[in-house]
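The values are calculated or read from the model by the stated rules, or taken from the named source; none is laboratory data. Only a predicted model underlies this, so the values are computations on that prediction, with no experimental measurement involved. Backbone-built Cβ (ideal geometry, glycine too); neighbour counts: all protein chains shown. These area figures cover heavy atoms from the full protein model, side chains too; ligands, DNA and RNA do not enter into them. Shrake-Rupley method; radii C 1.70, N 1.55, O 1.52, S 1.80 Å.
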Amino acid sequence: MRYRLPDGRLLAYREAGAGPPLVLLHGWAMSSAVFGEALEEFADRFRVLVPDLPGHGASDPGTDCSPEGFARDLAAWIEGLGLQGAALVGWSLGGQVLLKLYPAVACRVERVILASSTPRFTAGRGWEAGLPPGQVKSMARNLKRRFRETIEEFFALQFQGEDFPPGRYGEIVDFALRSARPPRPEAAMAALEGLAGGDLRGAVAEVGCPALVVHGALDRIIPADAGRCLAEHLPGGRLVLLPDAGHAPFLSHPRQSFGLWRKFLS
């Protein structure tokens, strides 16, 4: 499905089910395809809506690929669809978008889930729970030289150290990555720059509804301490740390992750 934004651009999204709205926000360089299993899982009790962030999947690119820019477009989409009593789930970059989106749609949102997310992506003075800036700069260089390969390597890093049943990792790659349209290179680069330079620690306390933070202890992208920080500073926050999961628990441990989401949302 597609929604026309106020400036004429089209925002693509997937939708299934009926009931209270459940909006799922994907991570960097991904698309709505990454939530294919979640869409089916929750369509029994929710109206599940999964947008492609601008410049990702089938959505038209925008001029601002920062969390703030994505949030502005999503706020227009949520308001245009008239969603009420919604729950928001933000994974990784999607969690940062959620933090910037929430104040604009607070009257429409009842609960939020932050999955493997962080208020600050890169490490720095007073913040060790991030990737070294040099590693992020190396990713940016590699994107320019080997775009598709760099995204595939980053995707594999999300599951490093985890054990999978035979064939499961291949299934994830097929439906979440290879079946999806890759992001536009300029959008992926701009979004990475936004992640590298952003610090949303001040936005965390603005989330005024119950919040569940789910984080994998084996996460090589966003250390678990970032999840702990989120839970500590969210007024209604609660942390669940999954000891055997990496950066995408809803993919590597779907039964456990979806069970946590469903219990929190019910």
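Quick one: what pairs do we get from the range 189-206, first residue assigned to a loop (DSSP other than H, G, I, E, B), second among the hydroxyl-bearing types (Ser, Thr, Tyr) and surrounded by fewer than 20 Cβ atoms within 10 Å (Cβ to Cβ), C-beta under 7 Å, 6+ apart or different chains?
Gly198/Ser66
From the residues in the range 1-34 that are within 17 Å of the chain's Cα centre (by Cα) and of a type in the set (Phe, Trp, Tyr), which one is surrounded by the fewest Cβ atoms within 10 Å (Cβ to Cβ)?
Among those that are within 17 Å of the chain's Cα centre (by Cα) and of a type in the set (Phe, Trp, Tyr), it is Tyr13.
Considering each of Arg145, Arg120 in turn, give the residue that is farther than 19 Å from Leu22 by Cβ and without any contact (Cβ under 8 Å) to a residue 40 or more places away in the chain.
Values: Arg120 fails: without any contact (Cβ under 8 Å) to a residue 40 or more places away in the chain.
The match here is Arg145.
If we scan the range 152-169, do we find a residue that is surrounded by 18 or more Cβ atoms within 10 Å (Cβ to Cβ), touching a Cys at 6+ places or on another chain (Cβ under 9 Å) and not β-branched (Val, Ile, Thr)? Steps first, answer last, please.
Kept after step one, since they are surrounded by 18 or more Cβ atoms within 10 Å (Cβ to Cβ), are these residues of the range 152-169: 154-155, 158-159, 162.
Cutting the leftovers down to touching a Cys at 6+ places or on another chain (Cβ under 9 Å) gives us none.
No, the range 152-169 has no match at all.
Consider only pairs whose beta carbons are under 7 Å apart and that are at least six residues apart or on different chains; among these, list those whose first residue lies in the range 37-65 and is of a type in the set (A, V, I, L, M) and whose second residue is part of a loop (DSSP other than H, G, I, E, B).
Partner pairs satisfying both residue conditions: Ala43/Gly17; Val48/Gly17; Leu53/His26; Leu53/Ser59; Ala58/Asp52; Ala58/Arg181.
Considering each residue of the range 73-92, count those that are in a helix (DSSP H, G or I), surrounded by fewer than 20 Cβ atoms within 10 Å (Cβ to Cβ) and not hydrophobic (A, V, I, L, M, F, W, C), and give that number.
Looking only at that region, the number is 2.
Restricting attention to the range 207-235, report how many residues are part of a loop (DSSP other than H, G, I, E, B) and closer than 24 Å to Ile151 by Cα.
Of the residues in that region, 7 qualify.
Is one or more of the residues making up the range 140-162 of a type in the set (Lys, Arg) and in a loop (DSSP other than H, G, I, E, B)?
Yes, the range 140-162 contains at least one residue that is of a type in the set (Lys, Arg) and in a loop (DSSP other than H, G, I, E, B).
Cβ-Cβ under 9 Å, sequence separation 6+ or interchain: first residue in the range 12-29 and more than 18 Å from Phe258 (Cα to Cα) and free of Cβ contacts under 8 Å to residues at least 60 places away in the same chain, partner crowded, with 22+ Cβ neighbours inside 10 Å and of a type in the set (D, E, K, R). Which pairs?
Going by the 9 Å Cβ cut-off, the qualifying pairs are Ala12/Asp52; Arg14/Asp52.
Would you pick out the residues in the range 93-110 that are in a helix (DSSP H, G or I), among the charged types (D, E, K, R) and over 17 Å from Gly194 (Cβ atoms)? Spell out the reasoning first.
Residues of the range 93-110 that are in a helix (DSSP H, G or I), as a first pass: 93-108.
Then drop every residue that is not among the charged types (D, E, K, R), which leaves 100, 108.
Answer for the range 93-110, where residues must be in a helix (DSSP H, G or I), among the charged types (D, E, K, R) and over 17 Å from Gly194 (Cβ atoms): just Arg108.
For the structure I just gave you, tell me whether Pro54 is assigned to a loop (DSSP other than H, G, I, E, B) and crowded, with 24+ Cβ neighbours inside 10 Å.
yes
I need every pair where a residue in the range 230-247 that is under 18 Å from Leu200 (Cβ atoms) has its Cβ under 8 Å from the Cβ of a residue that is of a type in the set (S, T, N, Q), sequence separation at least 6 or different chains.
Filtered contacts from the range 230-247: Leu230/Ser117; Leu230/Thr118.
Which condition from (1) assigned to a helix (DSSP H, G or I); (2) under 30 Å from Glu232 (Cβ atoms); (3) touching a residue at least 24 places away in the same chain (Cβ under 8 Å) is the one that Gln135 breaks?
With (1) assigned to a helix (DSSP H, G or I); (2) under 30 Å from Glu232 (Cβ atoms); (3) touching a residue at least 24 places away in the same chain (Cβ under 8 Å) applied to Gln135, the lone miss is (3).
Take Phe46 and tell me if it is over 24 Å from Arg262 (Cβ atoms) and of a type in the set (Phe, Trp, Tyr). Outline the logic, then answer.
Values: over 24 Å from Arg262 (Cβ atoms): no; of a type in the set (Phe, Trp, Tyr): yes.
No: the conditions fail for Phe46.
Tell me, yes or no, whether the range 35-45 has at least one residue that is of a type in the set (Phe, Trp, Tyr) and open to solvent by less than 10 Å² (accessible area, probe 1.4 Å).
The answer is yes, given that some residue of the range 35-45 is of a type in the set (Phe, Trp, Tyr) and open to solvent by less than 10 Å² (accessible area, probe 1.4 Å).
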